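What follows is a set of notes on a single structure, which appears directly below.
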Amino acid sequence: MINKIIRQYLVLTGMFNLAVSLSLGTYVSFLISRGLNLFEVNLVNVAYFVAMFFFEIPTGAFADTFGRKNSYVISCVLFSLGMIVYSQSYTMAGFIGAEILAGIGRTFGNGAYHAWFVDMLKHHGYKGTTAPVFRKEQMVRQFVSIPGAIAGGYIGSLDLSYPWLVGGCMGIVVALLAWFIMKEDYFVRPPRMSLSASVREMFRMAGQGMRFARKSKVVRLVVVMNALLAFAVQSPNMQWQPFFRSAVGNVAWFGYIWAGIATCIFIGIHASAWVRTRIRDEPLAMAVSMVAAGIMLVCAVLSREYVIMAIALFLAHEIPRGAYAPIKDAYLNDHTDQRERATVISCQSVFGHLACLSGLLLGGLAAEMVSISAAWLISGAILVAAPFIIIRVMR
């Protein structure tokens, strides 16, 4: 049964991320093609994180109260509808509306999907650490995004809106599949309640999870480290396409660069097991990964005149970023109680979203007013300087 649960988790993960990856290689190019500048591109993405910031805790509580399966299916549907709306939008308002729809959708799945998986494993007798499983999940995410991004690049060369439309339709299919194959053997459905009682129960669960987060040193440390990384990486995340645009030429080649990003993240995820055996202190391992990413990002900017080297260093900075995620996920899940798991994970995500929208605004301003290189240098300096200071202060 445990192997079946793992297979279901990885299949759903792979299918949905394949759908999403179709638009990743051409995302910024699509918005620029419809008249937005770099700051406006970031501003559109801010709407996504604002929606996530406000809805993360309530939707996490919804999952803890009414079931993680229901929450995940809603997540797939809303996010996919956001992609479809994106494909048909031509105005700033349309893009912002699509981002809000996708952002709310993402919050329904953020804590719920991990919580469903971990609780199903534990319910059926799984006693080990979740680190190997989360490492496989991250590897699947990156593995499927390689053909997805390449295919999306070619589809986008026909029309930059097509990857969004095709990906949205695929996401709806995943939602239907999840509805039929996901089970919740561990979940005790609450007695039928009125709408007001349901809302009160959701707020009670949210409060309970947030109290746990405040008391836990592990959660507080993860929240701060995750927020730091989220803030710092927004500039490279959003600006790599215009940064390398003159060197690449054809839009279809962005798919291959994204495939390179996914490959490097895949390598980092695989290497995370090696990092954990060499650095048994998880927060220290997280800090080392962040510093390594910052150093390579700075080197990529300094090598910009040598395009191949700059692209190689940019791709290489994704390796330690890939190693960070499974270490963080396992560390947080292994130190969180079952009943509040979805809410606690959502609480961690809330501060990450706040950091993301701050990074988008400041990174977009820096790129528009100074240069993309300046924005990346700031990001790299933050990643190099801050992690060890945070660990020293918070432990």
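Identify all residues within the stretch 374-395 that are more than 18 Å from L284 (Cα to Cα) and either touching a Phe, Trp or Tyr at 6+ places or on another chain (Cβ under 7 Å) or without any contact (Cβ under 8 Å) to a residue 40 or more places away in the chain (or both); write none if there are none.
The answer is A374, and nothing else.
Please find, within the stretch 230-256, the residue that is modelled with the highest pLDDT out of those that are open to solvent by 20 Å² or more (accessible area, probe 1.4 Å) and touching a Gly at 6+ places or on another chain (Cβ under 8 Å). Spell out the reasoning first.
Initially, the stretch 230-256 is screened for residues open to solvent by 20 Å² or more (accessible area, probe 1.4 Å), giving 231, 237, 242, 245-251, 253, 256.
Checking the rest, the ones that are also touching a Gly at 6+ places or on another chain (Cβ under 8 Å) come to 231, 251, 253, 256.
On the way: F231: 93, V251: 65, W253: 75, Y256: 82.
Step by step, filter the stretch 230-256, then rank; the result is F231.
Report, by residue number, each residue of the stretch 1-39 that is in contact with a Phe, Trp or Tyr (Cβ under 9 Å, 6 or more places away or on another chain), farther than 13 Å from Y162 by Cα and of a type in the set (F, W, Y).
Residues satisfying the conditions are Y9, F16.
Looking at F117 and the list (1) among the hydrophobic types (A, V, I, L, M, F, W, C); (2) farther than 19 Å from V166 by Cα; (3) surrounded by 23 or more Cβ atoms within 10 Å (Cβ to Cβ); (4) without any contact (Cβ under 8 Å) to a residue 40 or more places away in the chain, which single condition is not satisfied?
(4)
Could you tell me which of the residues I279, I267 is under 22 Å from I146 (Cα atoms) and open to solvent by 30 Å² or more (accessible area, probe 1.4 Å)?
The conditions single out I267.
Residues that are without any contact (Cβ under 8 Å) to a residue 60 or more places away in the chain, open to solvent by less than 50 Å² (accessible area, probe 1.4 Å) and under 26 Å from A227 (Cα atoms): find the helices (runs of 4 or more DSSP H) completely inside the stretch 1-102 holding 3 or more of those.
In the stretch 1-102, 38-66 are the helices (runs of 4 or more DSSP H) which contain 3 or more residues that are without any contact (Cβ under 8 Å) to a residue 60 or more places away in the chain, open to solvent by less than 50 Å² (accessible area, probe 1.4 Å) and under 26 Å from A227 (Cα atoms).
The values are calculated or read from the model by the stated rules, or taken from the named source; none is laboratory data. A quick note: this is a predicted structure, and the numbers were derived from the prediction, not measured. Cβ: placed from backbone, ideal geometry, glycine included. Neighbour counts: every protein chain shown. Note: areas computed on protein heavy atoms with side chains; ligands, DNA, RNA excluded. Shrake-Rupley method; radii C 1.70, N 1.55, O 1.52, S 1.80 Å.
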